[in-house]
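FYI, it's all coordinate maths here, none of it is from the lab. Treat the numbers as computed from the prediction; the structure is a model and nothing was measured. Don't worry about glycine lacking a Cβ; one is built from the backbone with ideal geometry, like all the others, and counts go over all protein chains shown.
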Amino acid sequence: MKIVLLGTAWPYRGGLAVYNERLARQFAREGDDVTIHTFTLQYPSFLFPGKTQYSTEPAPEGLNIVRSLNSVNPLNWIRTGRAIRKLAPDILVIKFWLPFMAPALGTVARIARRNRKTKVVSILDNIIPHEHRPGDRLFGKYFTRSVDGFVAMSDSVLEDLSQFDTVKPRVFCRHPLYDNFGARTTRDEALKYLGLDPEQRYMLFFGLIRDYKGLDLMLKAYADSRFRNMNVKLIVAGEFYSGSEKYFELEKELGLEGMVIWKSDFVPDSEVRYYFGAADIIVQPYKSATQSGVTQIAYHFEKPMLVTDVGGLAEIVPDGKVGYVVNPDEHQIADALVDFFENRRQDQFSQGILSEKKQYDWSNMTRSVRKAAE
């Protein structure tokens, strides 16, 4: 088949780019002709909360990436839609994550499918965003009306989709493994690379830092007096996408200065394996969620996880098998983490991960996309 993916890819960075590039490779592996159409402008600089939108990594080899879409230029949307319509792909795949992108993505989709051949399938990260803004629902309706079928990666997103569409094909498929960050590294190698003390154990909070991800809950949990008698450090590795000062003030207020290891920058793809290699457990104390790519990185590197029972996180982290599912409550988070370290649960959970991770192959996602296009 001829497949076009429309969305974030190199030279842009982040989980969306990683996802689209890995999905393109899977389609290509299955014999499809794949092109990614990415942005010439993704976010205007004044709307982007991070330091840069661009990757510091070299261009991925073996992928056909075309920069064509300007997210804020309606004339460009028409040109891009016409260009994709002329390509006449069998399927146009659009990963949807933010209502801000709905006008651009929805317009391109409408124009592209006028060739009476192309089916538009959207893989939904969210249809209702974590951080609400005026116009979200209106934009969501505009986008969903341009799509022929949907793939959702959590039950909660499928349920949210029903507020916008109940008729078009929908397929449920778990978020596949992020297996494109390199091979597992030994703990010693990871600690040496990061300059960390091998006598300590480590909890890892990883990814872009937004308020809904509950870093404040994690800091409060870590302030539990029981951690004072353990050689356990908290690593926070990710760029702040909301104000950083409140977290540093909370760290000081809780008496955690010197106990938290801050890597307050975007972690390049080539360094991800070292952070996961150093960690004993991955912590996701989210206050709201749908699904999370961090869990799928943890599965790839076979690391136990703590997640909160919000959105679809509990669906993919069986409690007591690969880690813990707790309420978004600092006391429950602390109790679970103390249990993990005091009772040495790492080997037990790692064995559970080996069996659980088998269901997250990328071929499941390509099969789901094809089904949604039928």
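Structure notes:
- The order of L250, L124, going from fewest to most other C-beta atoms within 10 Å of their C-beta, is L250, L124.
- Of S244, P176, G255, farthest towards positive along the dipole that unit charges on Lys, Arg, Asp, Glu beta carbons give segment 164-273: P176
- Top of G255, G323, G81 by mean-square fluctuation, Gaussian network on the chain, Cα under 10 Å: G255
- With one equal scatterer per alpha carbon and no solvent term, the Debye-computed log10 I(q)/I(0) for segment 187-359 at 0.17, 0.20 1/Å reads -1.06, -1.58.
- By other beta-carbon atoms within 10 Å, ranking S225, S355, S244 with the fewest at the front produces S225, S355, S244.
- Per DSSP, loop trypsin sites (Lys or Arg not before Pro) in segment 1-81 with at most 11 further Cβ within 10 Å: K51
- Within the same chain, lysines fewer than 8 places from K117 are excluded, and of the rest, those with a Cα less than 24 Å from its Cα are K2, K86, K95, K141, K168, K371.
- Remark: V120, V338 ranked as V338, V120, counting other beta-carbon atoms within 10 Å and listing the fewest first.
- Assuming charge only on the beta carbon of Lys and Arg (+1) and of Asp and Glu (-1), the dipole of the chain about its Cα centre is about 2140 debye to the nearest 20.
- Under the Debye formula (equal points on every Cα, no solvent term), log10 I(q)/I(0) of segment 10-118 at q = 0.09 Å⁻¹: -0.23
- Relative contact order of the chain, taken over Cα pairs closer than 8 Å and 6 or more residues apart, is 16 percent.
- Residue with peak Gaussian network fluctuation, the chain [Cα springs, cutoff 10 Å], from V167, V325, V151: V167
- Hz values of 3J(HN,Hα) by residue in segment 234-249 - Karplus curve (6.51, -1.76, 1.60), Gly and Pro given as x: 9, 9, 10, 10, x, 7, 6, 10, 9, x, 8, 4, 5, 6, 5, 5
- GNM flexibility winner over the chain from D265, D155, D339 (Cα, springs under 10 Å): D339
- Axis of helix 102-112 versus longest Cα principal axis of the chain: the two differ by about 40°, to the nearest ten degrees.
- With 20 Å bins from 0: P(r) over the chain, alpha-carbon pairs, percent: 29, 57, 14, 0
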